[in-house]
Amino acid sequence: MTEILPYGRTRGAVVDSLAAAERILTKLRHDPAGLVVTLSAPLVLVVAFGYIIGSAIQVPGGGYREYLIPGLFVLIAVSIIPPLVTMSRDAQLGVVDRYRSMPISRTAVPFGQALATSVYGLVNFVLMGLCGLLVGWRFDRGVWRLAAALGLLLLVQFAMTWVGLYLGLVLRSQEAAGQLSLVVLPIAMVSNLMVPTGGMPTWLRTIAEWNPVSALGQAVRELCGNPTAPDAGAWPLAHPITATLLYAAVILAIFVPATTRRFARRPARNWPKTTKPARAPMGEAA
């Protein structure tokens, strides 16, 4: 009997996670405005960077758009904004508290959100690839290496989703989540995603070369056969696939248990303080 219980618990957690993912995807499907914004993002990024900004940028070893498209793949993969906003909204509206009161696995909702993010992330990657093909991007090393690049992108996106979920549970406010998004984007931009780092000041170039998103960008470009940024002796750029796997493993090892513990923990309630009845003055009748 004791050997069957763990299997039953695991199976129940998987079913609960799939149900949570289905809820999120169904909610997105019934939100036409949000769906249009999500699906149009790749086209907007390609036009903004590929034509408006990219016309003034030269990349050694190839065209700028071939260099850019893998960077835009990575920009989508490392974005924590969708899970951050979703979880902070659910926490603010009390949805998370209702989940806690239900007889479901404590890991179901975070895992469901991570799975849902991977699903519509895959759709975004496909749309970005189609937009890239239309503007001249090509992958020259075969379908299997392209699949490996897609696998790295999905792995990193899955890992970064947990960062967004944890921060959403900590902030518990849509307004704070929106303000944090303004801080996260510049961190991703200080990298080799949009431009090679050779023209940066030495101190900034060092930060950009050791930025984890630069390693993922370098890995995707190598696997697709696109122009890469010079490594300049930086270990993550010289071994980008290994570095990306290590970064993803560290993020998952930290934020998966931290998020599940945070989700399972009930917030302290601020009960109203009781006041003692006023004592009648001496000499008056009770």
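The values are calculated or read from the model by the stated rules, or taken from the named source; none is laboratory data. Keep in mind it's a predicted model, so treat the numbers as computed, not measured. Cβ: placed from backbone, ideal geometry, glycine included. Neighbour counts: every protein chain shown.
Data overview
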read-out: Qualifying residue in the stretch 195-202 (condition: of a type in the set (A, V, I, L, M), out of contact with any strand residue (DSSP E or B) (no Cβ under 6 Å at 6 or more places or on another chain) and under 16 Å from residue 218 (Cα atoms)); value: yes
read-out: Every residue from the stretch 175-200 that is in a helix (DSSP H, G or I) and of a type in the set (A, V, I, L, M); value: 176, 177, 180, 182, 183, 184, 185, 187, 188, 189
read-out: Residues of the stretch 157-206 satisfying the condition of being closer than 30 Å to residue 227 by Cβ, among the aromatic types (Phe, Trp, Tyr) and under 12 Å from the mean Cα position of the chain (by Cα); value: 158
read-out: Flag for residue 232 being of a type outside the set (Phe, Trp, Tyr) and buried (at least 16 other Cβ atoms within 10 Å of the Cβ); value: no
read-out: The one condition in (1) in contact with a helix residue (DSSP H, G or I) (Cβ under 7 Å, 6 or more places away or on another chain); (2) closer than 30 Å to residue 140 by Cα that residue 245 fails to fulfil; value: (1)
read-out: Matching helices (runs of 4 or more DSSP H) fully within the stretch 10-125 where at least 2 residues are of a type in the set (Phe, Trp, Tyr) and modelled with pLDDT of 85 or more; value: 64-77
read-out: Residue match in the stretch 209-229 (condition: aliphatic (A, V, I, L, M), touching a residue at least 12 places away in the same chain (Cβ under 8 Å) and surrounded by fewer than 16 Cβ atoms within 10 Å (Cβ to Cβ)); value: no
read-out: So residue 133, is it touching a residue at least 12 places away in the same chain (Cβ under 8 Å) and assigned to a helix (DSSP H, G or I); value: no
read-out: Hits in the stretch 209-237 - residues which are at pLDDT 90 or above and small (Gly, Ala, Ser); value: 214, 215, 217, 219
